[in-house]
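All remarks here apply to the structure that follows.
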Amino acid sequence: MPHPVLVVDYGAQYAQLIARRVRDAHVYSEIVPSTMPVSQMLEKKPAAVILSGGPASVHSDDTALPDPELFNAGVPVLGICYGFQAMAQVLGARVEPTGKREFGGTPLTVSEPGALFEGLPREQSVWMSHTDCVMEPPEGFTATASTAGAPVAAFEDRARRFAGVQFHPEVAHTPHGQAVLQHFLYEVAQLEPTWTTTNVVEEQVAAIRAQVGDSRVLCALSGGVDSSVAAALVQRAIGDQLTCVFVDHGLLRAGEAEQVEKDYVAATGVKLVVVDAKDQFLAALAGQTDPETKRKIIGREFIRVFEETARQLDADTPIEYLVQGTLYPDVVESGGGVGAANIKSHHNVGGLPEDLQFTLVEPLRTLFKDEVRDIGSQLGLPDAMVWRHPFPGPGLGIRIIGEVTAERLEIVRAADAIARAELTAAGLDRAVWQFPVVLLADVRSVGVAGDGRTYGYPVVLRPVSSEDAMTADWSRLPDELLARISTRITNEVQDVNRVTLDITSKPPGTIEWE
Ligand code: XMP
């Protein structure tokens, strides 16, 4: 990996966004906690350091201010929001509580373009969130902008390659924010925009070869974006040393098994073992209605099938490595990527047990979802896979409320296929994050069809918009699209006589019903 721009996380949700925006500018970035000693940051040979925003005030006693040594290391530094004030304070400027809060879109006046505002409008709107203010720039700095509530809203010292802004350049509500960030990276820090995901493919191919040598490698393929791209990358690196195992638990949506068995193999040439375990899962789920019990059963059966398959494959030469599609947000959320990598449990079917005794290969550990999609396209994976919506490991098993049976799976699969096809036809796949279709198998209601009374199931449409699945809002799909989906489902899917729409955000609802 190239020398990173380190984004020091002062505890707000902005650090990930800043890291993303830096990468959008084709400069490699990594997030580090604010508790990391400067000496450790410098060991990473950072190309620059960005101090992020955060909820702290430079005036509270327990505030983590940056170590002054950071500013003697010859490394370019950008301070953002709290990071701007903390930088000013450490460098000896006056930072004062004004008692007046600036929050949201705020007019900014540029007094001198300097490097940060070169070529940008003198008056522009920026996104603010602060109560303290920098009253004057530190020695050696020029103040370049102000707002009504912030006498110094930006400053820079070109000679030492330092700059700072009170506002948030990383959010979409600051229209020229990306330009300001790029000016810091290219003009102040003098970095070249050379980082692309193409380099990542080459680097990862080399890294995987170096890691595994001529050992055998296993991957549990789910058909989801992350495991598909991770496996394709490993396959590119080591070819037939990789074996993928695809457990068909019968809880997949229409066309998904075929997509993995045919399209994926055609695109990658991967060696794939398909295990048809549909009957085993159905038998294990018979009579079960409690959601947590269903989840546990699905997880347990998955591990049984996977372990048994691994044992069979192991017969001649032992398999030492296991591919995981861990992404950067998983790494950051589980503590910043320090320490031993654990097999992630939530986003696998139940999680593979740790006593499986494999060493992990995680080629996507430094990447964000959209970068992973980009790499998937570069590796020639079909669009339908690369742009697939997230789908839970336990699959349709948790989208049937009540007992899972073969008939009910048929019903929810057919309804889901219609909803997905219509969403695609309307060109809205990328506008929604996910679109679960849920069968309320314990509910029946009266309807009418032709001359007769029906007594059928309701299905729930649950289209949501989200950035990361942590929070979500219900998608405002066009009425005509919803009407088409409803008409088709009630006409074409046996036993469904009502289609309802879930208009709950998350929180308080979750995305899946279960
Ligand atoms: P909820 O329903 O908690 O879901 O709002 C958040 C996101 O996680 C997905 N999800 C899962 N993904 N295994 C997975 O791989 C699971 O067991 C699982 N449960 C929920 C869900 O689809 C949504 O994207």
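The values are calculated or read from the model by the stated rules, or taken from the named source; none is laboratory data. What you see is a predicted model, and the numbers here were worked out from it, not measured in a lab. A quick note on method: Cβ atoms are made from the backbone with ideal geometry, for glycine too, and the neighbour counts reach across all protein chains shown. Note: areas computed on protein heavy atoms with side chains; ligands, DNA, RNA excluded. Shrake-Rupley method; radii C 1.70, N 1.55, O 1.52, S 1.80 Å.
Some notes on this structure:
- Protection proxy ranking of 147-154, 452-459 - average other beta-carbon atoms within 10 Å, highest first: 147-154, 452-459
- Amide H contacts of Leu501 (H built 1.01 Å from N, under 5 Å, at least 5 apart or other chain): Leu461
- Applying 1/(1 + (r/R0)^6) with r as the Cβ-Cβ distance of Thr35 and Thr471 and R0 = 25 angstrom yields a FRET efficiency of 0.40.
- Dividing the summed -39500 (n - 2.57) terms of all DSSP H runs of n ≥ 4 by the residue count of the chain sets its mean residue ellipticity at 222 nm at -9000 deg cm²/dmol.
- Extension reserve of the Gln494-Glu192 stretch, reckoned as 0.36 nm per residue once the Cα distance is removed: 102.8 nm
- Alpha-carbon centroid distance for the pair region 64-110 / region 235-283, whole angstrom: 52 Å
- Derived scalar couplings between HN and Hα for region 394-409 equal x, x, 5, x, 9, 9, 10, 8, x, 5, 8, 10, 4, 5, 5, 4 Hz in order, rounded to whole Hz, by the Karplus curve 6.51 cos²θ - 1.76 cosθ + 1.60 (θ = phi - 60°), x for Gly and Pro.
- Computed from the Kirkwood radius of its Cα pairs, the Stokes-Einstein diffusion coefficient for region 24-113 at 10 °C and 1.306 mPa s stands at 106 µm²/s.
- Cross-link partners of Lys262 among lysines (Cα-Cα below 19 Å; sequence separation of 8 or more within a chain): Lys271, Lys278
- Counted residue by residue at 0.36 nm each, then reduced by the alpha carbon distance between them, the extension gain from Arg158 to Ala172 reaches 2.4 nm.
- The alpha carbon radius of gyration of the chain, expressed as a multiple of 2.2 N^0.38 Å, is 1.12.
- Listed peptides 32-40, 234-242, 405-413 by packing density, highest first (mean Cβ within 10 Å): 234-242, 405-413, 32-40
- Compactness of region 169-323, expressed as Rg and Dmax over alpha-carbon positions, Å: 21.2, 66
- The share of accessible area on the chain that comes from carbon and sulfur is 50 percent, using a 1.4 angstrom probe.
- Cross-link partners for Lys506 among the lysines, with Cα-Cα distance under 27 Å and sequence neighbours closer than 8 places in the same chain left out: Lys294, Lys296, Lys344, Lys369.
- Residues whose placed amide H lies under 5 Å from that of Val152, excluding near-sequence neighbours: Val134
- Per residue, the chain exposes 43 Å² of accessible surface when a 1.4 Å probe is rolled over the protein heavy atoms with every protein chain present.
- Mean Cβ count within 10 Å, highest first, over the residues of peptides 370-382, 4-16, 308-320: 4-16, 370-382, 308-320
- Sites Glu261 and Val205, calculated FRET efficiency, Cβ-Cβ separation with R0 30 Å, nearest 0.05: 0.75
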